[in-house]
Amino acid sequence: MASLRNSLFWSLGEKHLGQIIRLISAMILARLLTPKEIGIFSLCAALLAVASIFRDFGVSEYIIQEKNLTKEKLSGAYALTTMTAWLMALGLFFSRDMFASFYNEPALIDVLNILCINFVILPLASPGFALLNREMQFRNIFVVQFSSTIIHAVTAVALAFLGFSYMSLAWASLTGIVIQTLLIMYYRPRDSLILPNPLQIAHVWRFGIMFSSSRAIDSFNRNVHEFVIGRQFGMEALGIFSRALGLINLFWNNVTAAVTRVASPAFASTYRDSEEQLIILYRKAVAVFTVIAWPFFSFVALDSERIILLLFGDQWLAAAPLASILAISALISSVFSMAPNALIAMGHVKRRLQISLLIAPVHIIGIGIASLFTTWTVAAVWIFSWSVALMLYNYHLSVTLKFTYIDLVKSTLCSFKVTLITVLTLFATSQLLGMTGLHDLLLLPLEACAAALAWFVSVRLLKHPVQEEIMNVYIQFRSAKGEA
């Protein structure tokens, strides 16, 4: 447990500090680049997000969860990820003209020219990164990710200031990947330097085809709106929508990614020891995650306009109502965000694929129909899609982990009480401060402070499980400071 908390400390630390840098960078770029310029890069990034699933082909997750990871299996993993990544790079390179023609936007060609290079470089890093995760070396991962984040942010802002427009984001992405790869090659376990062996691919292939299929469907679900909005409403509307979704992703990138990175190896390790202990760990994970996610997304839903204005400026205010709708959907998705990791930890990759296959048509058809109206209706599709996903994930968890809907209610009841107190405090503070005549940009931080205070007090009074984790993180921070 101490090792798990230490890992979570470094993972959260990297995500928090990294997100601060990304947020500052986004705030500056929002004032240097137009919504159309952001939309151009966002569309290319969405295409690469889907393609990157096949680039990795589930190799990273295979390395993390494989009980008996031999050198032969590792060499097959290296061979498979290299082969798929380079094939995807060629496919993207030769299809870039068709992609640009479909969206009637020649600028997409230049962006894809640079982003394709990422796929050539990444096979050198992804297996080593997976090994660092498997061995829970999150202190080294902290150095890798934090360094690449700084380089990426500085490059993007500097090039945008110099007038590189949307290409500043493309070059920043490539620069960040190069730095990340070099650091991973330095930190990865010394005995992991193994040449790729195509004859050993069979060890990884079955897991990879199941996992990458489900991940590809999930990734397409998360990015299908980019392709539809870009085609139906144009690059400027896509930039606005991406900004709204980016506000929601501040949480997912800052907290969810940090927690799930630790959760995957932790769930797998716990399950190898005891299924009963995995149930206990999963219940606590749901409780801790929802008590953080629900108040945050409630705050965004209520105050999206002020947040957008403060962070990105008035040219992005059209994103505010979209962010409120997406925040409501995030309240739902945060309940099952740990579920995919739990299923994979137990080896139920096929079940995860089945869930993805059921959710995909619901979401994709919904996006297609909603795009006939407005971007608001497109955003509303998320609420319905994630409600369906919640039911499906919890059904499969009730079968595999004996985590029933009653367990779900028990795990989240205290989080609901904390969120309710926090939201009521936020609403009351907003009403009281509204009578003072203060500027909106002054009201927002005051409301946030009042909500944060209410959250801490309610967590303490209701004895929520997260208070133990807060104390452990504080102790870990003091320990790390002492070592420094």
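The values are calculated or read from the model by the stated rules, or taken from the named source; none is laboratory data. Being a predicted model, the structure only gives us computed values, none of them experimental. In this analysis, Cβ positions are derived from the backbone assuming ideal geometry, glycine residues included, and neighbour counts consider all displayed protein chains. With ligands, DNA and RNA removed, areas are computed over all heavy atoms of the protein, side chains included. Shrake-Rupley method; radii C 1.70, N 1.55, O 1.52, S 1.80 Å.
Somewhere in segment 288-297, is a residue at pLDDT below 90, open to solvent by less than 20 Å² (accessible area, probe 1.4 Å), among the small types (Gly, Ala, Ser) and more than 30 Å from Leu32 (Cα to Cα)?
No, segment 288-297 has no match at all.
For segment 162-176, enumerate the residues that are open to solvent by 30 Å² or more (accessible area, probe 1.4 Å) and closer than 16 Å to Arg22 by Cα.
Within segment 162-176, Trp171, Thr175 meet the criteria.
Looking at the structure I just gave you, is Phe427 farther than 30 Å from Gln232 by Cα, open to solvent by 30 Å² or more (accessible area, probe 1.4 Å) and at pLDDT 95 or above? Give the derivation first.
Values: farther than 30 Å from Gln232 by Cα: yes; open to solvent by 30 Å² or more (accessible area, probe 1.4 Å): yes; at pLDDT 95 or above: no.
For Phe427, the condition - farther than 30 Å from Gln232 by Cα, open to solvent by 30 Å² or more (accessible area, probe 1.4 Å) and at pLDDT 95 or above - is not met.
Among the residues of segment 144-181, write down those that are under 17 Å from Ala30 (Cβ atoms), aromatic (Phe, Trp, Tyr) and either in a helix (DSSP H, G or I) or under 20 Å from the mean Cα position of the chain (by Cα) (or both).
Phe161 - this is the single residue of segment 144-181 that is under 17 Å from Ala30 (Cβ atoms), aromatic (Phe, Trp, Tyr) and either in a helix (DSSP H, G or I) or under 20 Å from the mean Cα position of the chain (by Cα) (or both).
Out of curiosity, is Thr436 of a type in the set (Val, Ile, Thr) and either part of a helix (DSSP H, G or I) or in contact with a Cys (Cβ under 6 Å, 6 or more places away or on another chain) (or both)?
Details: of a type in the set (Val, Ile, Thr): yes; either part of a helix (DSSP H, G or I) or in contact with a Cys (Cβ under 6 Å, 6 or more places away or on another chain) (or both): no.
No, not satisfied.
Would you call Phe9 at pLDDT 65 or above, out of contact with any Pro (no Cβ under 7 Å at 6 or more places or on another chain) and either part of a helix (DSSP H, G or I) or open to solvent by 30 Å² or more (accessible area, probe 1.4 Å) (or both)? Quick ask: steps written out before the conclusion?
Numbers: at pLDDT 65 or above: no; out of contact with any Pro (no Cβ under 7 Å at 6 or more places or on another chain): yes; either part of a helix (DSSP H, G or I) or open to solvent by 30 Å² or more (accessible area, probe 1.4 Å) (or both): yes.
Taking the combined requirement at face value, the residue does not satisfy it.
Return the residues of segment 313-341 that are in contact (Cβ under 8 Å) with a residue 24 or more places away in the chain, part of a helix (DSSP H, G or I) and open to solvent by 10 Å² or more (accessible area, probe 1.4 Å); say none if nothing qualifies.
Initial filter on segment 313-341 (in contact (Cβ under 8 Å) with a residue 24 or more places away in the chain): 313, 315-316, 318-341.
With the extra rule that they be part of a helix (DSSP H, G or I), the set shrinks to 315-316, 318-333, 339-341.
The answer is Gln315, Ala318, Pro321, Ser324, Ile325, Ile328, Leu331, Ile332, Ser333, Pro340, Asn341.
Would you confirm, using the coordinates I've provided, whether Glu226 is among the acidic types (Asp, Glu), at pLDDT 75 or above and buried (at least 18 other Cβ atoms within 10 Å of the Cβ)? Show your work before the answer.
Working: among the acidic types (Asp, Glu): yes; at pLDDT 75 or above: yes; buried (at least 18 other Cβ atoms within 10 Å of the Cβ): yes.
For Glu226, the condition - among the acidic types (Asp, Glu), at pLDDT 75 or above and buried (at least 18 other Cβ atoms within 10 Å of the Cβ) - is met.
Residues in segment 335-344 that are within 15 Å of Lys284 (Cβ to Cβ) and not hydrophobic (A, V, I, L, M, F, W, C): how many? Steps first, please.
Keep residues of segment 335-344 that are within 15 Å of Lys284 (Cβ to Cβ), which gives 335, 337-339, 341-342.
Filter again for not hydrophobic (A, V, I, L, M, F, W, C), leaving 337, 341.
Adding up the residues that qualify gives 2.
Does Leu442 qualify as being over 28 Å from the mean Cα position of the chain (by Cα) and modelled with pLDDT under 90?
Details: over 28 Å from the mean Cα position of the chain (by Cα): yes; modelled with pLDDT under 90: yes.
Yes.
Output the residues belonging to segment 362-410 that are of a type in the set (D, E, K, R), open to solvent by 50 Å² or more (accessible area, probe 1.4 Å) and either at pLDDT 90 or above or part of a helix (DSSP H, G or I) (or both). First the steps, then the outcome.
Applying the first criterion (of a type in the set (D, E, K, R)) to segment 362-410 yields 402, 407, 410.
Applying the additional criterion that residues be open to solvent by 50 Å² or more (accessible area, probe 1.4 Å) yields 402, 410.
Result: Lys410, single match.
Could you count how many residues in segment 328-376 are of a type in the set (Ser, Thr, Tyr) and farther than 22 Å from Leu408 by Cβ? Before the answer, list the steps.
Step one: filter segment 328-376 for residues of a type in the set (Ser, Thr, Tyr), giving 329, 333-334, 337, 356, 371, 374-375.
Keeping just the survivors that are farther than 22 Å from Leu408 by Cβ gives 371, 374-375.
Looking only at that region, the number is 3.
Taking the condition of being open to solvent by less than 50 Å² (accessible area, probe 1.4 Å), of a type in the set (A, V, I, L, M) and within 10 Å of Val418 (Cβ to Cβ), how many residues in segment 443-467 meet it?
Number satisfying all stated conditions: 3.
In segment 302-312, how many are open to solvent by less than 50 Å² (accessible area, probe 1.4 Å) and within 20 Å of Ile383 (Cα to Cα)?
Qualifying residue count, segment 302-312: 2.
Can you name the residue in segment 90-120 that is open to solvent by less than 50 Å² (accessible area, probe 1.4 Å) and not in a helix (DSSP H, G or I) and is also farthest from Glu226 (Cα to Cα) among such residues?
Glu105
Taking the options Ala339, Ala379, name whichever one is closer than 22 Å to His225 by Cα, within 23 Å of the chain's Cα centre (by Cα) and not β-branched (Val, Ile, Thr). Walk me through how you get there before you give the answer.
Working: Ala339 fails: closer than 22 Å to His225 by Cα.
Just a single option satisfies the conditions, and that option is Ala379.
Return only the number of the condition from (1) in contact with a Leu (Cβ under 6 Å, 6 or more places away or on another chain); (2) not hydroxyl-bearing (Ser, Thr, Tyr); (3) not in a helix (DSSP H, G or I) that Gly347 does not satisfy.
(1)
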